[in-house]
Amino acid sequence: MVQKKSLAARVGEIIAVLSTIVLHWIIFYFIIINSFKPKKEAARLSIGLPKEWNLVENYKYIFEYNDHVFLLSLWNSVKLTVLSIGILILVSAMAAFVIQRRNDRVTRMSHSLILAGLIVPPSVIPTYWMLTKLHVAGTLPGLVLVEIATLFPFSTMLYKGYIAGLPKEIDEAAIIDGCGAVKLFFHIIFPLLKPITATIIILRSVVVYNDFSNPLYYMSGSKNTTVQLCVYLFQSAFTTDWGHLFAAVVTVSLPPLILYLFLNKQILEGMTMGSVKG
């Protein structure tokens, strides 16, 4: 009886996984195939093959649209993602190392505040007021600060869980050999964090790259627009050129996909090891 339940559960899991894969591939196929259709045919939103293939026209249009604003916005999103994730990795890893290895009142309080950051939602008005006081409102550095602050609690908790799985004897041996705190972290601990670092890079990069609300709230000017806001330009309340919109969506989807292909092996390892200890 137990074997039958186990087999049924296994079959159910396989069906669920295959259904998810098929659904995602259908959506991806739908977007790609409609990006090759002319305006009138793409407006039908069908999954059939194009009667007239626009293999280049739609993609050429989005890159040349409005004085190459799409390329500019793509570059802005890449800069935002690289800066935000680079700084996030550094500060969250260091914070997690201190919180995990030290057990005093300050670190316990810091840990509680970081956990609160996972629960308490950010507020736009106080955040914008703070950015104004720092003279970075409406600028890329200001948006980088917002992204880091938003993603910091989750990333720190992932690092903390992973570091908890590293034996403290590593620290003690390094200290005996003359390592200071900074050298211990950067030369001994941080290289051991590659799997969880890869996990955070891919998970958080997708969040920053696909962010729509924060750039909308905290950035200003057409020169500072990000790629998600630029995609929004291809639709309006009265008319939408679906061929151009789907071409933009396909192009925007490529960087996260390429990043995942390079780092997918480390993602599962980082997530599983990071959940061993709290």
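Numbers for the structure displayed
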read-out	value
Any chance residue 173 is touching a residue at least 12 places away in the same chain (Cβ under 8 Å), part of a helix (DSSP H, G or I) and not β-branched (Val, Ile, Thr)	no
Per-region count, segment 183-212, residues under 16 Å from the mean Cα position of the chain (by Cα) and outside any helix (DSSP H, G or I)	3
Complete set of residues in segment 23-68 that are small (Gly, Ala, Ser) and buried (at least 16 other Cβ atoms within 10 Å of the Cβ)	35, 42
Flag for residue 71 being of a type outside the set (Val, Ile, Thr), surrounded by 13 or more Cβ atoms within 10 Å (Cβ to Cβ), more than 24 Å from residue 152 (Cα to Cα) and assigned by the TED database to the domain that holds residue 183	yes
Single residue of segment 126-157 satisfying the filter (outside any helix (DSSP H, G or I) and β-branched (Val, Ile, Thr)) that is farthest from residue 111 (Cα to Cα)	139
Residue list for segment 90-145, restricted to those being within 19 Å of residue 162 (Cα to Cα) and touching a Ser or Thr at 6+ places or on another chain (Cβ under 6 Å)	92, 95, 96, 99, 114
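The values are calculated or read from the model by the stated rules, or taken from the named source; none is laboratory data. Keep in mind it's a predicted model, so treat the numbers as computed, not measured. All Cβ positions, even for glycine, are placed from backbone atoms using ideal geometry, and neighbour counts span all protein chains on display.
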